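Trainee: Below: one structure in structure tokens.
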């Protein structure tokens, strides 16, 4: 997982994991996302420390952390606050990033 840059924030499609450093639930959510990236052997998620981006937090109306923000076609499509499980996160990946599951 790599920290998001201002340039990447302008892209039309990404999965953004938003967290704060001292949040225990955030660490658990990050572990799930890292496991997904490990299985696929690629960077899927970008990450943002909410404490460092208060303007973005307000503009995107992020209510709490952890949050997985799904941006598609320059629009926020989903904000997931309850990560629940790895299979739950996969339901969003199947919907918004089906190429991860295409046979090569």
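Nothing in this text is a laboratory measurement; each read-out follows from the coordinates by a stated rule. Since the structure is predicted, the reported quantities are computational estimates derived from the model, not experimental observations. A quick note on method: Cβ atoms are made from the backbone with ideal geometry, for glycine too, and the neighbour counts reach across all protein chains shown.
Trainee: Could you compute the FRET efficiency for residue 39 and residue 59, with r as their C-beta to C-beta distance and R0 at 35 Å, rounded to 0.05? Numbers along the way, then the final one.
Mentor: On the way: r = 32 Å, r/R0 = 0.93.
The calculated FRET efficiency here is 0.60.
Trainee: Find the relative contact order for the chain and round it to a whole percent, using C-alpha pairs within less than 8 Å whose residues are 6+ positions apart.
Mentor: It rounds to 33 percent for the chain.
Trainee: Volume per residue, Å³, of the convex hull around the alpha-carbon atoms of the chain?
Mentor: Considering the Cα atoms of the chain, their hull volume per residue is 101 Å³.
Trainee: For helix 24-40, what angle does its Cα long axis make with the longest principal axis of the chain, in degrees from 0 to 90 and rounded to 10?
Mentor: Helix 24-40 sits at roughly 30 degrees to that axis.
Trainee: Right, another one. Please find, in a Gaussian network model of the chain (springs between Cα atoms separated by less than 10 Å), the residue of 22, 83, 45 whose mean-square fluctuation is greatest.
Mentor: 22
Trainee: Using R₀ = 30 Å, calculate the FRET efficiency as 1/(1 + (r/R₀)^6) where r is the Cβ-Cβ separation of residue 9 and residue 99; round to 0.05.
Mentor: Rounded to the nearest 0.05, the efficiency is 0.85.
Trainee: Calculate how many DSSP beta bridges within the chain are antiparallel, expressed in % of all such bridges and rounded to the nearest 5.
Mentor: Bridges in the chain that DSSP calls antiparallel: roughly 60 percent.
Trainee: Roughly what angle does helix 86-96 make with the longest principal axis of the chain, taking Cα atoms, 0 to 90 degrees, to the nearest 10?
Mentor: 80 degrees
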